[in-house]
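To keep things clear, I will list the structure first and then write my remarks on it.
The values are calculated or read from the model by the stated rules, or taken from the named source; none is laboratory data. Just so it is clear, the structure is predicted and the values come from calculations on it, not from any experiment. Using ideal geometry, Cβ is built from the backbone for each residue, glycine included, and neighbour counts are taken over all protein chains shown.
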Amino acid sequence: MAKKKGSNKIPLPIFIIVCAVLLFAIYTSLSTLVLAIWGDTVIGTVDSYGSRVDDSKAEPKRSRTISKGYWFLVKGKEYRGYVMYNSDEAWPSLRDDETRSERIRYLPFFPYINKPAMLSDFDEMGEVAVIYHIIAPIACLLLLLLIIRTSRGRKKKKTVARKPAAPRAAQAKRDTNIFCPHCGSKLPEDAAFCADCGAEILADAPGFCSDCGAVLPDDAEFCIQCGKAVNPSGTKRGRDEGPGRIR
């Protein structure tokens, strides 16, 4: 039993999840760079804080996932934000009604895009983080385009049947059809007499080409239309003989 060839297409749920993750990664890096270049800074208030140890064997205050909720005011309007990131910090958790102040960067024309200054300020991010946020959007975009192209699969090339050349088709037709040299009627290939006029069909009949039925001059040795030898035996005959038996 022949095995079915595997499809190059990615299942739709997986395709959507992968694309969403890549788009989010692109947004995260681009928003960080935009905030670092054009963002303004304001003192915000952290009202929720969590620190989770990811590796119990790591050194103290290492391998932690930080979750932080905060709010800040811009022109008297309150905006909120929430971030999760990996860090070595290990602040104590906030008690009920306890808050902590922190610098927040935001876009002046769209404050909904905001982050803590430690995550969006070139001086606090460090060189490695800056290089990462520059390279990450490009790499994610290329990967996204590759996945989209792969999901479509390879299109099968349509094979177009070639039509035989006109001269070859005409030659094939001449090879299978003959004509009466007296009346020009179309005859079967092995016909000995014409079914219309009763004339005997000879290969060297004068006046008409036995291959295509064209009218020939008296001294023609080759057909003026198809080029076939009119009288291979070398005997020339006229066209004014009787309609009965062609000699």
Exercise for the section: Could you please give the count of residues in segment 65-120 that are in contact with a Leu (Cβ under 8 Å, 6 or more places away or on another chain) and at positive phi? Expected result: 0
Problem - Positions within segment 26-53 being exposed (fewer than 12 other Cβ atoms within 10 Å of the Cβ) and free of Cβ contacts under 8 Å to residues at least 24 places away in the same chain, in sequence order - result: I37, R52
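Only one of S120, S87, S101, S93 is loosely packed, with under 15 Cβ neighbours inside 10 Å, of a type in the set (G, A, S) and either modelled with pLDDT of 90 or more or over 17 Å from T45 (Cα atoms) (or both); which? Lay out the reasoning, then the answer.
Numbers: S120 fails: loosely packed, with under 15 Cβ neighbours inside 10 Å; S87 fails: loosely packed, with under 15 Cβ neighbours inside 10 Å; S93 fails: either modelled with pLDDT of 90 or more or over 17 Å from T45 (Cα atoms) (or both).
Testing whether each residue is loosely packed, with under 15 Cβ neighbours inside 10 Å, of a type in the set (G, A, S) and either modelled with pLDDT of 90 or more or over 17 Å from T45 (Cα atoms) (or both) leaves just S101.
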Fill in the blank from the handout: Taking segment 11-43 and keeping only residues that are assigned to a helix (DSSP H, G or I), among the β-branched types (V, I, T) and touching a strand residue (DSSP E or B) at 6+ places or on another chain (Cβ under 9 Å), one is left with T32, V34
